[in-house]
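Okay, structure first, notes after.
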Amino acid sequence: MKYTDLGLVNTKEMFKKAIAGNYAIPAFNIYNMETLSAVMTAARTAHSPIILAVSESALKYMGADMLIGLIRGANIQPQEQVALHLDHGDSIEACKHAIELGFSSVMIDASKLPFDKNIEISKSVAELAHAHNVSVEAELGTLGGIEDENTFGTTSYTNPSDVEQFVKATNIDSLAIAIGTSHGAYKRKNENEELRFDILEDIAKRLPEFPLVLHGASSIPQNLINTINEYGGQISGALGINSAQLRRATEMNICKINVDSDLRLAFTAGVRQSLAETPNNFNPREYLSAAKVAIAQTCIDEIKNIMGSENKL
Ligand code: G3H
Ligand code: 13P
Ligand code: ZN
């Protein structure tokens, strides 16, 4: 399947504009009809370009045919500037599979491997992807964090002196860097922990105009945690990245910001509140509708207040 047949675009133009305009393209993770529908509603309401991120585990959960069927069903038009992106592809084969399915962008995450091996694999994926006009993201440095398949252990910040060689040798289109973000809902022990803007600044100087990516960038809205806990949940100690710091990062060549956990929280908050308020309801369409509303609202808030991508179509 060619991604253009699904109305999708690669990330080239959107990143170019985002860097020039000091904003970031939101990459929201999707894994079913509700998350896709809510993210598309948010993008369309806020007139924002968007990246639909699908992890390998999400692809397995939905099944490839189901995912592509859902994307087709979203009736996406090229002028809406929507990319379908493989998040944390962990092998050349996984990226190849995604390209064949109709993804317009892939991430090859070989960041756990030695530098030379990371270069070798990322370069192979870039060659493969570029032959289909598909964009490629790779990663240098490792994020910390507590989360299922994407737990990378302890953080090692990206070494700025590696980035020029890496980008030149691999020919990738964007680079994910580690400057203190982490996957999951437990990112910081206290409000005083800051992103390493010194590292970001150094990298941006070495790679002028080159698209940089922040993973693990959920802000973990406390209103969502409060709603979940008010309606029977038990989440404590969750703390995300400060929104103002994320916004600042978008002004410094971060042109893609990955958010998954915030949408998971919104989904859960919507479902819990709906079930608690209508205990006699057993129609899933009702509590899933509440989840969709909560996710769309969270995405719109972040598009406006963090990404700065509102009205950028
Ligand atoms: O960074 C990755 C995302 O949070 C995806 O997580 O593999 O559980 O879908 P997942
Ligand atoms: P969060 O866990 O901060 O939402 O990170 C998502 C992510 O990096 C997806 O690749
Ligand atoms: Zn990630």
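The values are calculated or read from the model by the stated rules, or taken from the named source; none is laboratory data. Bear in mind that the values here come from a model prediction, so they are computed numbers and not experimental data. All Cβ positions, even for glycine, are placed from backbone atoms using ideal geometry, and neighbour counts span all protein chains on display. For the accessible areas, the whole protein counts, side chains as well, though only heavy atoms, and no ligand, DNA or RNA atoms are used. Shrake-Rupley method; radii C 1.70, N 1.55, O 1.52, S 1.80 Å.
The helices (runs of 4 or more DSSP H) falling completely within the range 198-313 that include 3 or more residues that are open to solvent by less than 10 Å² (accessible area, probe 1.4 Å) map to 243-250, 261-277, 284-302. Can you confirm whether residue 52 is touching a helix residue (DSSP H, G or I) at 6+ places or on another chain (Cβ under 9 Å), within 15 Å of ligand 1 (Cβ to nearest atom) and under 20 Å from residue 2 (Cα atoms)? The answer is yes for residue 52. Residues in the range 43-57 that are part of a helix (DSSP H, G or I) and surrounded by fewer than 22 Cβ atoms within 10 Å (Cβ to Cβ): 44, 45, 56, 57. Screening residue 150 against (1) open to solvent by 10 Å² or more (accessible area, probe 1.4 Å); (2) touching a Ser or Thr at 6+ places or on another chain (Cβ under 8 Å); (3) at pLDDT below 95; (4) within 14 Å of residue 240 (Cβ to Cβ) leaves a single unmet condition, (4). Here residue 142 fulfils each of the conditions (1) over 20 Å from residue 24 (Cα atoms); (2) touching a helix residue (DSSP H, G or I) at 6+ places or on another chain (Cβ under 6 Å); (3) within 16 Å of ligand 1 (Cβ to nearest atom) apart from (2). Check the range 19-28 and report whether any residue there is over 30 Å from residue 271 (Cβ atoms), in contact (Cβ under 8 Å) with a residue 40 or more places away in the chain and either touching an Asp or Glu at 6+ places or on another chain (Cβ under 7 Å) or in a strand (DSSP E or B) (or both). Checked the range 19-28: at least one residue is over 30 Å from residue 271 (Cβ atoms), in contact (Cβ under 8 Å) with a residue 40 or more places away in the chain and either touching an Asp or Glu at 6+ places or on another chain (Cβ under 7 Å) or in a strand (DSSP E or B) (or both). Of the numbered criteria (1) aliphatic (A, V, I, L, M); (2) more than 16 Å from ligand 3 (Cβ to nearest atom); (3) under 17 Å from the mean Cα position of the chain (by Cα), the one residue 76 fails is (3). Residue 190: polar (S, T, N, Q), part of a strand (DSSP E or B) and under 30 Å from residue 161 (Cα atoms), yes or no? When the stated conditions are applied, residue 190 does not pass them.
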